[in-house]
1. Starting from the 7 Å offset along Cα-to-Cβ, what nm value, one decimal, do you get for the label separation of ALA23 and GLU149?
2. Can you check what the net charge comes to around HIS128, using other residues whose Cβ is under 10 Å from the Cβ of HIS128 (Lys, Arg +1; Asp, Glu -1)?
3. If you average the alpha carbon positions of segment 80-105 and of segment 129-179, how far apart do those two centres end up, in angstrom?
4. If we sort 103-115, 164-176, 8-20, 145-157 on the protection proxy, mean other Cβ atoms within 10 Å, highest first, what's the order?
5. Only residues of segment 139-158 count here: report those whose backbone N is under 12 Å from the spot 7 Å along Cα→Cβ of THR174, or say none.
6. Distance in nm between label sites at THR160 and LYS91, each 7 Å beyond Cα in the beta-carbon direction?
7. For segment 132-141, in order, what is each residue's ³J(HN,Hα) by Karplus, 6.51 cos²θ - 1.76 cosθ + 1.60 with θ = phi - 60°, in whole Hz (x at glycine and Pro)?
8. On the protein heavy atoms, probe 1.4 angstrom, tell me the percent of accessible surface of segment 99-146 carried by carbon and sulfur.
Amino acid sequence: MNQNKKPNKTTIIVAILALITVAAVCVTVWALFFRDSSGQQVLAPDYAPQQQEQNAETIPNDTGDKMETPEGGGAVSLTYSNEVTIDISDKAAALYFANPGKSNQDMVLQIAIQDTIILQSGTLSPCHQVSLLNLLEGAEEMLQPGGYEGKFIVLYYDQTSGEKSMVNTEIPITINVVG
């Protein structure tokens, strides 16, 4: 009798499917229990935050004259600097961003680096500007001193209902992180 039997095709297919199943279970267990979830994205609120941005200041000499807009529409005007400095020891970003009085929308400003939101302001109403914003909790731990490509993400909200606009703006910025 011949002891060297070759495995048939069915046995090989079953073995491969078993290995794939074991690998899928291992990946699922890792994703559920062991993956670092500290880099989770911050979701944009559907309604403007009730809290006005605590670091907002009134824009000097802004008349507040609104732009004309069609009924049900919105109009915004932005003034900003495309350079931001983040001090990780202070957990704050030095920047310039303004929502001039011509706008008829409230705004929330986010800063993203490599598609991770590291900062989100409170509501910034027309005629207001900011030059300093606090990082989100734990964001300083993700950064090291150096230069980064990032972006402002500007979210717009109706001033009456607080409802989020369907449109947002992404502006490329340069971020210098110091320690």
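1. For the pair ALA23/GLU149, the computed spacing is 3.2 nm.
2. On the way: positive: none; negative: GLU53, GLU57, ASP62, ASP106.
With Lys, Arg at +1 and Asp, Glu at -1, the neighbours total -4.
3. So the two Cα centres are separated by 8 Å.
4. Working: 103-115: 20.3, 164-176: 13.8, 8-20: 9.8, 145-157: 17.5.
In descending order of packing, they fall as 103-115, 145-157, 164-176, 8-20.
5. Flagged as within label range: 147-150.
6. 4.0 nm
7. Per residue, the Karplus-derived 3J(HN,Hα) values read 8, 9, 8, 5, 5, 3, x, 5, 5, 6 Hz.
8. 44 percent
The values are calculated or read from the model by the stated rules, or taken from the named source; none is laboratory data. Just so it is clear, the model here is predicted, and its values are computed rather than measured. All Cβ positions, glycine included, derive from the backbone under ideal geometry; neighbour counts span all protein chains shown. These accessible areas exclude ligands, DNA and RNA; they are computed on the full protein's heavy atoms, side chains included. Shrake-Rupley method; radii C 1.70, N 1.55, O 1.52, S 1.80 Å.
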